[in-house]
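Asks: One structure, pasted below without further comment.
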Amino acid sequence: MLLTVEGLSKRYKTNIVVDNIEFDIQPNQCVALLGPNGAGKTTTLQMLSGLLKPDSGQITFQGCKNIDRTQIGFLPQYPSFFPWMTAVEFLYFAGKLSKMEKGKLKDKINNVLHFVDLHHAKNKKIGGFSGGMKQRLGLAQALIHEPKLLILDEPVSALDPTGRRDVLRILEELKKKTSILFSTHILHDAEQVCDEIIMMKAGKVKWSGSIKRLKERTRNGYFFLKTEGDIKSWLSKKDYIREANFSNSSTVTFKLTSNQYCNCLLEDCIKQEITIIHFEERSGTLEDAYMEVMR
Ligand code: ADP
């Protein structure tokens, strides 16, 4: 396990903003911390990155409770830059803070600037950068020391569609070589790059697991069948069909007494020489599953 969080809590005066949360991150996982504004995502990420002290709980990173912070890269929600510095100067400064060797730093800065597509602006002052360029520079800063875990707080929320697409593409590439935990309140962003999600609401983890498992929650047991000819009287006699609802004599939504009869139905259609135009298992959307969990 790369990271284990156990019983982590944080309160401000009487307001419990992170309430006894638990989750794990495995090596090479890309995990989205998903939840509405005020859910406690930033507070959680700040505790993981060492910027905030938890009131209670335990964080274990690479099997150690004494965390080696040089193995973690962090991009805050609102990164601040020195506008008078160039991109190269800023990354040099960030690399020194991460205790990188001076000799290695020059090559590393060049590589990371290429990776985030800022090489053309390497000697330009950050003050003149667009929001998207600043965010990519922030990513470069979080990556420069090749961390094992990259923690990103709402990395795309403040960006326009182009900036958003660029950063999501960079994350797609990055997840091949490093573990990523990023927060977002947008389900679609999580779906685009992550395999796993942790859903938070009001300081608690409401659900965690794979996107695949979340999608499975949306199965509602209904099937849809559209055929070329009339099947109403034939299908109604099948004892494995229930709750059949015909929109017309060749279009029906139904349930099966057990999903194992799915093959049986298709075989019966073939035997009966029925031409199937459309057959599918009906399910809700990922948004439906998200709303159900968050309710
Ligand atoms: P999220 O990132 O999910 O939007 P945050 O972790 O930023 O949520 O905030 C969770 C809750 O903690 C919010 O109600 C917020 O107002 C409160 N909070 C965050 N930081 C502080 C602080 N420094 N002092 C008091 N309350 C805070």
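One line per residue, one yes/no per condition, for (1) under 25 Å from D107 (Cα atoms); (2) open to solvent by less than 10 Å² (accessible area, probe 1.4 Å); (3) over 19 Å from the mean Cα position of the chain (by Cα):
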residue	(1), (2), (3)
G127	yes, no, yes
Q135	yes, no, no
H145	yes, no, yes
L152	yes, yes, no
S157	no, no, no
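Asks: Taking the options T253, T257, name whichever one is open to solvent by 50 Å² or more (accessible area, probe 1.4 Å) and among the hydroxyl-bearing types (S, T, Y).
Replies: That would be T257, the only listed residue that is open to solvent by 50 Å² or more (accessible area, probe 1.4 Å) and among the hydroxyl-bearing types (S, T, Y).
Asks: Cβ-Cβ below 8 Å, separation at least six or inter-chain, first residue in segment 170-198 and on the phi < 0 side of the Ramachandran plot, second in a helix (DSSP H, G or I) and among the small types (G, A, S): which pairs?
Replies: T184/A190; I197/A190
Asks: Could I ask something else about it? Being in a loop (DSSP other than H, G, I, E, B) and touching a Gly at 6+ places or on another chain (Cβ under 6 Å) is the filter; apply it to segment 163-220 and report the residue that is farthest from the ligand (Cβ to nearest atom).
Replies: T218
Asks: While we're here: Given the condition aliphatic (A, V, I, L, M), modelled with pLDDT under 95 and surrounded by fewer than 17 Cβ atoms within 10 Å (Cβ to Cβ), answer yes or no: does some residue in segment 222-237 qualify?
Replies: No, segment 222-237 has no match at all.
Asks: Kindly indicate the residue of segment 187-206 that is surrounded by fewer than 19 Cβ atoms within 10 Å (Cβ to Cβ) and in contact with a strand residue (DSSP E or B) (Cβ under 8 Å, 6 or more places away or on another chain) and also nearest to A140 (Cα to Cα) among those meeting that condition.
Replies: D195
Asks: Look at segment 27-56 and say how many of its residues are open to solvent by less than 50 Å² (accessible area, probe 1.4 Å), part of a loop (DSSP other than H, G, I, E, B) and either near the ligand (Cβ under 8 Å from one of its atoms) or farther than 23 Å from I186 by Cβ (or both).
Replies: So the count comes out to 6.
Asks: Just for segment 1-17: of the residues that are more than 16 Å from the ligand (Cβ to nearest atom) and assigned to a strand (DSSP E or B), which one is surrounded by the fewest Cβ atoms within 10 Å (Cβ to Cβ)?
Replies: My answer is G7.
Asks: Look through segment 62-113, keep the residues that are part of a loop (DSSP other than H, G, I, E, B) and aromatic (F, W, Y), and return whichever of them is most open to solvent (accessible area, probe 1.4 Å).
Replies: Within segment 62-113, the first condition is being part of a loop (DSSP other than H, G, I, E, B), and the residues that meet it are 62-63, 65-68, 76-85, 98-101.
Those still in the list that are aromatic (F, W, Y) too: 78, 81-82, 84.
Details: Y78: 176, F81: 38, F82: 84, W84: 155 Å².
Result: Y78.
The values are calculated or read from the model by the stated rules, or taken from the named source; none is laboratory data. The model shown is predicted, which means the values in this text are computed figures rather than measured ones. Ideal geometry is used to build each Cβ from the backbone, glycine not excepted, and the neighbour counts take in all protein chains shown. Remember, those area values only see protein heavy atoms, side chains included, never the ligands or the DNA or RNA. Shrake-Rupley method; radii C 1.70, N 1.55, O 1.52, S 1.80 Å.
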